[in-house]
Amino acid sequence: MTFDASYIWPSLIAALQCLHVTLILSFVSFCVGLLLGTPVAVSRKFHATWTSYALGVLIPILKGVPLVLYVLMFNFAILKPLDALSEYYAWADGLRRMDKIYIGLVAMSVSATVMISETMRSALSSVSEGQYEACFSVGLTKWQALRRVVLPQAMVFAAPVLCNNIISLIKGSSIVFVVGIMDVLNSAKTSAQINYRFLEAYIASALVYWVICATVGRIGWFLEKRQARGVAKAGGA
Amino acid sequence: MGKLFDPALIIEYAPLILSRLPVTLLIVFWAIVGGSVLGTLLALARIHKVPFLNGAAVFFISFVRGTPILIQMFIVYYGLPLLLMYFGINITRWAKLNFVLVSYALNNAAFLAEIIRSAILSVPASQSEAAWSVGLSASQTFRRIILPQAFRTAFPAFGARVINAMQDTALAFTLGILDILGQAQAIGIRTYHTLEGYVVTAIIFIVASLLMEHTFAFIERRRLAR
């Protein structure tokens with residue numbers, strides 16, 4: 001079998017029809033990760049309560065688990081108990097046909113939270129201690145100092161790294177095919193099953209990912225340049 | 001089907017799954033060794049703006065960084081035999097593991113090239129000038145003066161890359177490789193106890209990442225601190 005570029009086109013169409021699934025998976029999990037990861041980072045930074053110490057132990061452990069294992073484990077851990085329930089109550093296989101994208105979302109959100117909490121932690125530590133002291137000296141509370149002075153500065157440092165995190169999530173979302181979610185990769189692959197043009201299908205899906213990731217990467221590059229300019233203008237932080 | 005989750009099985013499966021750990025480590029080893037060699041060449045092509053090679057390196061690095069390693073693996077698996085057929089080399093009988101090694105080495109080459117490039121550029125030009133002034137050749141300067149200093153700068157990013165490469169090996173099972181996750185899947189198919197196998201695999205990954213992280217941090221503190 002030889003390579004025939006003309007087969008890329010139908011696979012590309014099929015891949016683009018499921019583009020929204022890949023985008024939902026990566027961007028929703030990114031938003032969840034940002035919303036949950038930032039408090040985790042703040043809590044770990046300030047050693048607020050016992051939860052900070054618990055998180056300090058938990059996050060490095062969770063960081064060691066690859067995304068594919070999260071997806072496989074959540075798929076199993078969420079579906080199997082429901083299976084037993086549905087058997088007991090004779091729900092037939094209604095749950096079997098449940099949209100698995102929710103499982104992908106849960107798994108990717110956990111992974112994103114861990115990843116982004118590390119990003120935000122290093123961004124928080126890049127803001128100098130003098131900023132807090134200055135805030136306290138003018139009578140701001142800890143919470144006000146964090147919200148109005150420190151976090152906005154940390155966000156500037158974090159922005160390019162967060163773009164890298166989005167790229168990782170977009171690329172990582174391709175693994176959800178192991179539980180049968182129809183995303184860009186799975187859709188392109190399925191379209192190739194009628195003619196066995198798998199190489200062309202993989203190239204088609206690679207093109208889709210490449211365009212999205214290059215776009216996000218470009219935004220990250222722009223943010224990094226702007227940040228460097230801002231630091232230079234402030235006389236070097 | 002019996003119990004959903006039986007902790008006793010974790011201990012039973014652990015030796016079975018651990019026996020496949022060498023496969024995972026083999027992939028990581030060749031990914032990093034092959035990636036470092038090829039990555040250095042790519043970095044040099046980019047730094048010296050070698051005509052054509054520079055453009056090819058930019059294209060390759062952008063492609064690898066912009067697409068999932070999963071897809072790269074399958075493109076190598078289906079594409080490499082076709083490509084080499086043009087040169088009259090038949091590799092259709094290759095073991096699947098070889099394709100995984102090639103694709104992981106190519107993937108890491110792109111990431112390491114960027115790390116190595118920025119590390120080499122961070123060595124001041126005066127170092128090369130000083131080396132040339134005492135009569136070292138270009139390759140001697142690179143090998144003895146630039147590379148050791150660049151290595152020091154690149155080390156933290158390099159360590160992070162090794163840990164990433166190890167976590168990426170979890171995807172090799174999709175090609176049917178019996179690494180630790182592949183073995184966990186095989187046990188799951190045989191015994192219907194999948195979750196226990198996954199837990200064992202997760203523990204192995206966690207321990208390996210933590211070990212590597214602390215080892216790299218230790219080396220950085222001890223050996224590389226001035």
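In table form, for the structure just shown:
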| read-out | value |
| --- | --- |
| Among the residues listed as A:E200, A:E224, the single one being within 30 Å of B:Q72 (Cβ to Cβ), at pLDDT 90 or above and acidic (D, E) | A:E200 |
| Subset of the range A:204-237 that is touching a Phe, Trp or Tyr at 6+ places or on another chain (Cβ under 9 Å) and crowded, with 21+ Cβ neighbours inside 10 Å - its residue that is nearest to A:I8 (Cα to Cα) | A:A204 |
| Single residue of B:T201, B:T191, B:T215 found to be surrounded by fewer than 20 Cβ atoms within 10 Å (Cβ to Cβ) and either modelled with pLDDT of 90 or more or under 20 Å from A:I59 (Cα atoms) (or both) | B:T215 |
| Pairs with Cβ under 7 Å, 6+ apart, first in the range A:52-72 and within 12 Å of another protein chain (Cβ to nearest Cβ), second surrounded by fewer than 16 Cβ atoms within 10 Å (Cβ to Cβ) and in a helix (DSSP H, G or I) | A:P60/B:L210; A:G64/B:L210 |
| Test: residue in the range A:161-179 that is closer than 30 Å to B:Y198 by Cα, touching a helix residue (DSSP H, G or I) at 6+ places or on another chain (Cβ under 8 Å), of a type in the set (A, V, I, L, M) and modelled with pLDDT under 90 | yes |
| Verdict on A:V156 being farther than 27 Å from A:K100 by Cβ, part of a loop (DSSP other than H, G, I, E, B) and at pLDDT below 90 | no |
| Elements of type helices (runs of 4 or more DSSP H) in the range A:21-138, at least 3 residues being under 23 Å from B:A208 (Cβ atoms) | A:50-63, A:67-88, A:101-125 |
| Qualifying residue in the range A:162-174 (condition: within 11 Å of chain B (Cβ to nearest Cβ), in contact with a Cys (Cβ under 9 Å, 6 or more places away or on another chain) and not hydrophobic (A, V, I, L, M, F, W, C)) | yes |
| Whichever residue in the range A:181-202 is away from chain B (no Cβ under 13 Å) and assigned to a loop (DSSP other than H, G, I, E, B) and, among such residues, is farthest from A:I8 (Cα to Cα) | A:I181 |
| Condition broken by B:A105, with the remaining ones in (1) closer than 22 Å to B:R152 by Cβ; (2) under 18 Å from the mean Cα position of the chain (by Cα) satisfied | (1) |
| Whichever residue in the range A:1-16 is within 26 Å of the chain's Cα centre (by Cα) and within 14 Å of another protein chain (Cβ to nearest Cβ) and, among such residues, is surrounded by the fewest Cβ atoms within 10 Å (Cβ to Cβ) | A:L12 |
| Considering residues of the range B:181-190 that are more than 10 Å from chain A (Cβ to nearest Cβ) and touching a residue at least 60 places away in the same chain (Cβ under 8 Å) only, the residue nearest to the chain's Cα centre (by Cα) | B:G182 |
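The values are calculated or read from the model by the stated rules, or taken from the named source; none is laboratory data. Nothing here was measured: the structure is a model prediction, and the numbers come from that model. For neighbour counting, all protein chains shown are included, and Cβ atoms are generated from backbone atoms with ideal geometry for every residue, glycine included.
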